[in-house]
Structures are given as C-alpha cells and as structure tokens.
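Student: Questions regarding the structure given below will be posed in turn.
The values are calculated or read from the model by the stated rules, or taken from the named source; none is laboratory data. These numbers were taken from a predicted model, which means no experiment stands behind them. Cβ atoms come from the backbone with ideal geometry, glycine included; neighbour counts cover every protein chain shown.
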Amino acid sequence: MQMAREAQVRAAFAGQADGCRRMGSPFTALVCDLLGERLDPSSSFGNRILNWRGEPRDDALALRAAGGLNALARSGRDAGLAALYPPNQPDAEALWHGLARAIAAHDAVLTAALDSAPQTNEVKRCAVLLGGALLIARDTGLPLDLLEIGASAGLNLGFDGYRYELGNSRWGQPTASVTIRSDWRGSLPPMEAPLTVASRRACDLNPLDPGNPTDRERVMSYIWPDQSDRITTTGSAFDAAAAQPWRVEQADAAEWVEARLALPQRDGMARVLLHTIMWQYLPAATQQRIAQAMARAGEAATRTRPLAWLRMESDHQSGSAAVTLTTWPEGGEREIARADFHGRWVEWR
C-alpha cells in the first residue's frame, strides 16, 4: 500500500514536470523531476509528500512543493537557494544539493507550505476575456455588468483597463500600466466595438487583497520563476488592482451567483458571468447549481436585459482550454476560441 502511494506521488511529479516543459518552464520542470525522483521521507516535507493522503494530481501536490520552495527563494531567507534560481541556470546536481540543503534547513516552513493549493491569477487570460467582452458589447450594444467567480485577487476583473498586443493588433490606451501580450492566431474579435463596463463584482472562497504584500507574494510564489514576462505582467497588474476601489468578496461560488442573479437587472445592461480555469475545482453539485441558476436567469433575459456566460476552462482536449460564450435570449452556446492555459496564445474561432 505504502509503495503504491509513493509511486503515485512520484508519477504525479513526473507528470507535472512534463506539463511545465510543454508550457515553457524548464526550471520548474527540473525542480519537479528532482523532487519526484530523489525526495525521501527523512524530512517532514519529504515524508508528508510521499505519504500524501489525497490524490496528488488533483491536489496539485507538485506545484504546492515547487511554490513553497520558490517562496523561500524569493524571500531571501536562504541565499544559497536563491542563488540557484533564475536568472541563474544551475545543472541538476547543483540544484538538487541546494534543494536538499534548503529542505533540511527550513523543513517546518516548507511542510506548512503544502497545506494550501496553489492560488494564481493568470493575467494573460485577460486576452480571451477582452475578446469575449467585445463580442458581447458588439452584439448587445449595451454596457456590461461583470460577475467573476474564482477571481483570486481580482487582477482579471479590470481587464478593460489594460493595453493589449494581440499579434500585430493593439487595443487599449498606450499609457496603460499593464500590457497583455498574446500570440494571436486566426481572426480577431471586433476590436472597434464600443466596450463599457458599468459595474463589476467578484468572489472567491479565499479572496486575496492586491494591496496586501503577503497576499501578493502568495500569488507570485506560484509563478514559475523562469517566466519573467509572467512575473512582470502580474506585478504590474497587482499595482493596478491595488489602486482600484473594488475587492473580491469571500463567498461560495454557487451561493454568490444565485444571490447576484436574484437581484433585479437594470434595463439597458448586459449581465456577464465570467471565469477562467476554476470550474474543474468546483464540486459537481456546485457546478450544477451555477448552471441551473444561469439557465433560470437566461429564461428571463430580454434584448434590453441580456445575459452572457463567458468562460475559459479545461475540456476533453489536451494542451489548451476552451473559450466558450453562451448568450440569452439569443445566440446559444459556442466555442469562440482555444487558448493556452496561461494565455500565451489564443486561437480565435
């Protein structure tokens, strides 16, 4: 039983390493490989990982471990470990010795870091949110009332205030403090559609405050350290979000959606539920409640009070996420794009 569990854990680390390589982070892939191959139960950190009580893939165990080590390196509390992290490029043996020393010296801190699942705010996903919002704005001709679930620190909630470089096309103010660069494939969304966001609200089970340094560092620790553009973009988005009046509310997604949809919708406003790469983490019962609440609200939608559901979520296809838009009272459901999970590229349909 113990050997089978350990083998399952090591396989999960190997699988995560492969995923990191495919998504452009050879350094994090190497960290996952080394931990998966060489970690032993002599430390509390290693013992807890190798005897993980849950499902290591579903629990993102490898990313919990890598995030804890990255947080330690970023903190400056272990200069030897920090010296092995990007932009430095150590070989496997040097990196392993540094990881092993850090685990021995900071065992309790690293073990505690395994308590929480990774919490990110992938700002480049805003490229698909912009594209979907432009479609809704063009088709309805109305300002948008945004509702985001699984919003983390709310960095994506202000997507309309960012500047975009979508392939060779540009959108937004040149002076915007955040620039989203995405390799854009296929046709473009209606870039000239007038887009106005009239209101915005968001929720998360564990909301983060963009103005809180501890919350900010939590998100930054889960960004793979050899992906400098992600780090820079996310840091700029934190600065921008911290200056905004809105904050993400703490709530269960189903309860929050039901409550928001139960509120009267203003005439001449398009209500939009949006979310990115969070649906898979919801219990099936929660997913069903949200879908049912949207269907009920959709039945009551009119042309002057339309409803839309914009989401970027994993589906049966590997290597990318589906970007789906459902609109009421007209339009139905359609896949409008495929996208890289981190928003590095978008294939517009």
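Student: Scan segment 209-224 and tell me whether some residue there is in contact with a Leu (Cβ under 6 Å, 6 or more places away or on another chain) and part of a helix (DSSP H, G or I).
Tutor: Checked against the condition, which is being in contact with a Leu (Cβ under 6 Å, 6 or more places away or on another chain) and part of a helix (DSSP H, G or I), segment 209-224 yields at least one hit.
Student: Can I ask one more? Pick out the one residue from Leu129, Leu84, Leu142, Leu146 that is in a helix (DSSP H, G or I), modelled with pLDDT of 95 or more and among the aliphatic types (A, V, I, L, M).
Tutor: Leu129
Student: Just checking, does segment 17-32 include any residue being over 26 Å from the mean Cα position of the chain (by Cα) and not hydroxyl-bearing (Ser, Thr, Tyr)?
Tutor: Within segment 17-32 (the criterion being over 26 Å from the mean Cα position of the chain (by Cα) and not hydroxyl-bearing (Ser, Thr, Tyr)), the answer is no, since none of the residues qualifies.
Student: Consider Arg266 carefully, then state whether it is crowded, with 17+ Cβ neighbours inside 10 Å and among the basic types (Lys, Arg).
Tutor: no
Yes/no matrix, rows are residues, columns are (1) exposed (fewer than 15 other Cβ atoms within 10 Å of the Cβ); (2) of a type in the set (Lys, Arg); (3) over 28 Å from Cys32 (Cα atoms):
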residue: Glu192; (1), (2), (3): yes, no, yes
residue: Cys203; (1), (2), (3): no, no, yes
residue: Pro207; (1), (2), (3): no, no, no
residue: Gly211; (1), (2), (3): no, no, yes
residue: Thr214; (1), (2), (3): yes, no, no
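Listed here are the residues, each with its yes/no results for (1) more than 30 Å from Arg21 (Cα to Cα); (2) among the acidic types (Asp, Glu); (3) in contact (Cβ under 8 Å) with a residue 24 or more places away in the chain.
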site	(1), (2), (3)
Ser152	no, no, yes
Gly172	yes, no, no
Thr175	yes, no, no
Asp183	no, yes, yes
Ser187	no, no, yes
Val197	yes, no, yes
Asp204	no, yes, yes
Pro210	no, no, yes
Asp215	no, yes, yes
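Student: Okay, moving on. Residues being of a type outside the set (A, V, I, L, M), farther than 22 Å from Pro245 by Cα and part of a loop (DSSP other than H, G, I, E, B): count how many of those fall in segment 173-198.
Tutor: Adding up the residues that qualify gives 6.
Student: Scan segment 311-349 residue by residue and report those that are touching a helix residue (DSSP H, G or I) at 6+ places or on another chain (Cβ under 9 Å) and more than 22 Å from Thr120 (Cβ to Cβ).
Tutor: Scanning segment 311-349 gives Leu325, Thr326, Thr327, Trp328, Pro329, Glu330, Gly331, Ile336, Trp348.
Student: Right, another one. If you scan segment 237-281, which residues turn out to be assigned to a loop (DSSP other than H, G, I, E, B) and in contact (Cβ under 8 Å) with a residue 60 or more places away in the chain?
Tutor: Passing the criteria: Gln244, Trp246, Arg247, Val248, Gln265, Arg266, Gly268, Met269, Ile277, Met278.
Student: Further question on the same structure: Hey, does segment 63-71 have a residue that's under 17 Å from Asp226 (Cα atoms) and more than 20 Å from the chain's Cα centre (by Cα)?
Tutor: no
Student: Which one of Asp315, Asp340 is more than 25 Å from Gly211 (Cβ to Cβ), under 16 Å from the mean Cα position of the chain (by Cα) and touching a residue at least 60 places away in the same chain (Cβ under 8 Å)?
Tutor: It is Asp340.
Student: Name the single residue that is surrounded by the fewest Cβ atoms within 10 Å (Cβ to Cβ) among those in segment 227-263 being at pLDDT 95 or above and of a type in the set (Phe, Trp, Tyr).
Tutor: Per the criteria, the residue is Trp256.
Student: Now, a different point. Do we have Arg170 as at pLDDT 95 or above, surrounded by 13 or more Cβ atoms within 10 Å (Cβ to Cβ), among the charged types (D, E, K, R) and not in a loop (DSSP other than H, G, I, E, B) here?
Tutor: In short, no.
Student: Out of segment 280-292, which residues are crowded, with 19+ Cβ neighbours inside 10 Å and either hydroxyl-bearing (Ser, Thr, Tyr) or at pLDDT 95 or above (or both)?
Tutor: Residue satisfying the conditions is Ile290 alone.
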